[in-house]
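First the structure, in the form of structure tokens, and then the observations on it.
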Amino acid sequence: MTSAIANNALRFIILVLVQVLICNNINFLGYINPYIYILFILIYPVGTNRLGFLFISFLLGMTVDLFLDSGGVHAAASVALAYSRPVFLKFAFGTLYEYNNLKFSLTDLGNLLAYIIAMTFLHHLILFSLEIFNISHILLILKKTLFSGLFTSILCIILIQLFSKRK
């Protein structure tokens, strides 16, 4: 049990540091900015305490907000993502999720892609909607969601494939 807690704490710290030191300095064409810290929420172990998971997700988003001085938009998007996670797990993995028999490193790549892409686009849509907060800029919100979402999804999939235990 303590090994899992240590692994999650290390993953939390590393993803926040990579986000604030590297990813926040990437800005292609004004629309593409990766937010890989959401990888922590995406691959957090299934079947854990839900309230604790929501709180950790809030802390993750708030930590990123503190570094970016963004007023809580990352915290709100992170909590919304963590709250909606069971719906997306059931959608992408079906019975594996229902029986708490889900290991992300052992799942089919197609299911993993569907899960990561759907979750990433939800996070980015919430994030940019709260960041811009103006309905007259809906095209800008959608453009930033699309391009940043694709880039973040690709990076998350690459990182999962690089650092997962082989089958």
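The values are calculated or read from the model by the stated rules, or taken from the named source; none is laboratory data. Since the structure is predicted, the reported quantities are computational estimates derived from the model, not experimental observations. Reconstructed Cβ throughout: ideal geometry from the backbone, glycine too, with neighbour counts over all protein chains shown.
Quick notes on this one:
- The set of residues in the range 132-153 being surrounded by fewer than 15 Cβ atoms within 10 Å (Cβ to Cβ) and of a type in the set (Val, Ile, Thr) consists of 135, 138.
- Lone unmet requirement of (1) surrounded by 15 or more Cβ atoms within 10 Å (Cβ to Cβ); (2) hydrophobic (A, V, I, L, M, F, W, C); (3) closer than 25 Å to residue 87 by Cβ for residue 20: (3)
- Residue under evaluation residue 38, criteria (1) in contact (Cβ under 8 Å) with a residue 60 or more places away in the chain; (2) surrounded by 12 or more Cβ atoms within 10 Å (Cβ to Cβ); (3) farther than 19 Å from residue 89 by Cα, criterion not met: (3)
- Of all residues in the range 73-82, none satisfies being more than 13 Å from the chain's Cα centre (by Cα) and modelled with pLDDT under 90.
- The residues of the range 60-74 that are without any contact (Cβ under 8 Å) to a residue 12 or more places away in the chain, surrounded by fewer than 17 Cβ atoms within 10 Å (Cβ to Cβ) and not in a loop (DSSP other than H, G, I, E, B) amount to a single one, 66.
- Residue match in the range 8-15 (condition: closer than 19 Å to residue 161 by Cα, buried (at least 19 other Cβ atoms within 10 Å of the Cβ) and not acidic (Asp, Glu)): yes
- Residues of the range 10-35 satisfying the condition of being touching a residue at least 24 places away in the same chain (Cβ under 8 Å), under 16 Å from residue 74 (Cα atoms) and in a helix (DSSP H, G or I): 12, 15, 16, 19, 20, 24
- Just one of the numbered conditions (1) farther than 24 Å from residue 162 by Cα; (2) basic (Lys, Arg); (3) at pLDDT below 85 is not true of residue 144: (3).
- Filter result (farther than 23 Å from residue 87 by Cα and among the hydroxyl-bearing types (Ser, Thr, Tyr)) within the range 106-163: 136
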